[in-house]
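*Asks:* There's a structure below that I have some questions on.
The values are calculated or read from the model by the stated rules, or taken from the named source; none is laboratory data. All of these numbers come straight from a predicted model, not from anything done at the bench. Heads up, the Cβs are rebuilt from the backbone with ideal geometry, glycines too, and the neighbour counts pull from every protein chain shown. Each accessible area value is taken on the protein alone, full model and side chains, heavy atoms only, with ligands, DNA and RNA left out. Shrake-Rupley method; radii C 1.70, N 1.55, O 1.52, S 1.80 Å.
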Amino acid sequence: MKPAIIVEDLIKRYGDAYALNGLNLEVQPGTVLGLLGPNGAGKTTTVRVLTTLLKPDGGRAWVGGFDVVRQPHNVRRCIGVSGQETAVEPLLTGWENLELFGRLHRLGRQGARRRAQELIEQFDLTAAASRLASTYSGGMRRRLDLAVSLITRPAVLFLDEPTTGLDPRSRSTTWAMISELVSAGTTLLLTTQYLEEADQLADLIAVVDHGRVIARGTAEELKTQINSDRIEVVLRDSELLPLAAAILDHVGTNQAVVIPSERRVIVMTPHEPGLLARVLREMDAAAVELEDVALCRPTLDDVFLSLTGRPAVSEAVHDATAMAVAA
Ligand SMILES: Nc1ncnc2c1ncn2[C@@H]1O[C@H](COP(=O)(O)OP(=O)(O)O)[C@@H](O)[C@H]1O
Ligand SMILES: [Mg+2]
């Protein structure tokens, strides 16, 4: 089968700065690619080029077999897109929004109404459908926007940070709806800053930074690739934290991190059998009493940290920012 999306050495410059700097991707039909990267990595720029809204300065890309620069009309006919800013019209009701987009896409009056009805049910908007979209919560607006992007039953769907700024409950509802879509066979390119979102929804993850892909694979493959485990201990006595940290420093690939308020010490270690037992013996020999101990496989957070040298945006920080913007 031909890939649904092909991206070859894509370049986009703004002045001297490269928003995309040789980006390469391939997405097979019916699969979900998670484009995971921090703010400014080039995710939105990628989506804008692939949805024909922005011309690249170099490289080529095909969506549904069509060249995004030379055959933009064909591309537009097979895609749906839901961006970081919603396309929802606040002074129309949910119904009216969906019917309007249906008419714009030439579904005809009957067709537009029928499709609107289906999507309202699918996205759990029945109770709110006759209210103005301006009265919707953030989560409802996102759902309506998602519904709008699906009016034409696109073969390839682009979702740019679909849950950024949503509270955790709306986020999981949205995830469930996206999963349902995908199981119906839609090809999806999803951008996200949330590791958990990529982990949950994506078949394959491409980690982007500075306009290029720096790692790709399944979530499991990425975790194995960094080839490390994490050891965490919680002490009974906080006075012994420095001693425990010194012992963990010995086996760690980085300096041990001490969290005094939890009497916890954390270190990344090589994936090596017997390492934990050795740590426990050394703690015992030094009379460091442990309340708790854990050997953890790496999380995508650890992967991200080891690849980009900085932690991914934490949800708490992110939500606080979103709230500050909303206020
Ligand atoms: N219209 C623009 N003019 C100048 N710089 C831009 C413009 N759009 C994006 N950029 C820059 O390109 C880079 C990638 O941006 P973007 O694709 O929006 O990143 P992301 O969506 O991953 O946060 C950033 O450094 C951003 O500042
Ligand atoms: Mg963006």
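*Asks:* Where only protein heavy atoms count, and the probe is 1.4 Å, what is the accessible area per residue for region 227-305 in Å²?
*Replies:* Per-residue accessible area for region 227-305 comes out at 55 Å².
*Asks:* I need the semi-axes of the equivalent ellipsoid of region 216-306: take the C-alpha gyration tensor, multiply each eigenvalue by 5, square-root it, list largest first in whole angstrom.
*Replies:* Three semi-axes, in Å: 25, 13, 10.
*Asks:* Where the centre of each part is set by its Cα atoms, how far does region 274-293 sit from region 179-204, in angstrom?
*Replies:* Cα centroid of region 274-293 versus Cα centroid of region 179-204: 40 Å apart.
*Asks:* Also, I was wondering about something else. Within the chain, what is the number of lysine pairs with alpha carbons under 23 Å apart, leaving out pairs fewer than eight places apart on the same chain?
*Replies:* 4
*Asks:* I've got another one for you. Is region 70-209 best put as rounded, prolate or oblate by its Cα gyration tensor, with a ≥ b ≥ c the root eigenvalues, rounded for a/c under 1.5, and otherwise prolate when a/b is larger than b/c, oblate when not?
*Replies:* It comes out oblate by the Cα gyration axes.
*Asks:* Mind checking which helices in the chain clear 20 Å along their axis (Cα) and have mean Kyte-Doolittle hydropathy of 0.5 or more, DSSP H runs only?
*Replies:* none
*Asks:* A further question follows. Report the extension gain between E26 and R109 in nm, rounded to one decimal, defined as 0.36 nm multiplied by the number of residues separating them, less their alpha carbon distance.
*Replies:* 26.1 nm
*Asks:* Which value, in Å to one decimal place, does the Kirkwood hydrodynamic radius take for the chain when every pair of different Cα atoms is included?
*Replies:* 22.0
*Asks:* If you don't mind, another one. Modelling each spin label as a point 7 Å along the Cα-to-Cβ direction, I'd like the E121/R153 distance in nm, to one decimal.
*Replies:* Result for the modelled spin labels: 1.5 nm.
*Asks:* Which whole-Hz couplings ³J(HN,Hα) result when phi for each residue of region 64-80 is put into the Karplus expression 6.51 cos²θ - 1.76 cosθ + 1.60, θ = phi - 60°, listed in order with x for Gly and Pro?
*Replies:* x, x, 9, 6, 5, 8, 8, 10, x, 5, 5, 4, 4, 5, 10, 10, x
*Asks:* Then there is this: Run the accessible area of the chain with a 1.4 Å probe and give the carbon-and-sulfur part as a rounded percent.
*Replies:* The computed percentage sits at 52.
*Asks:* Separate question: Mind giving me the nanometre distance, one decimal, between the label points for A277 and S261, set 7 Å out from Cα along Cα→Cβ?
*Replies:* Roughly 3.8 nm, to one decimal.
*Asks:* How much length, in nm to one decimal, is gained on full extension between E291 and S134, taken as 0.36 nm per residue of separation minus their Cα-Cα distance?
*Replies:* Full-extension gain reported as 51.3 nm.
*Asks:* Could I ask something else about it? I want the antiparallel fraction of DSSP beta bridges within the chain, as a percent rounded to 5. Write down the numbers at each step before the final one.
*Replies:* Values: 37 of 55 bridges.
Once the DSSP bridges in the chain are tallied, antiparallel ones form about 65 percent.
*Asks:* Now for a separate question. At 1.4 Å probe size, with every protein chain present, just tell me what the per residue accessible area of region 1-81 comes to in Å².
*Replies:* 48
*Asks:* Taking the mean number of other Cβ atoms within 10 Å as a proxy for protection, how do you rank 96-102, 283-289, 81-87, 31-37 from highest to lowest?
*Replies:* Working: 96-102: 21.7, 283-289: 13.0, 81-87: 17.1, 31-37: 25.3.
So the peptides 96-102, 283-289, 81-87, 31-37, ranked by packing, come out 31-37, 96-102, 81-87, 283-289.
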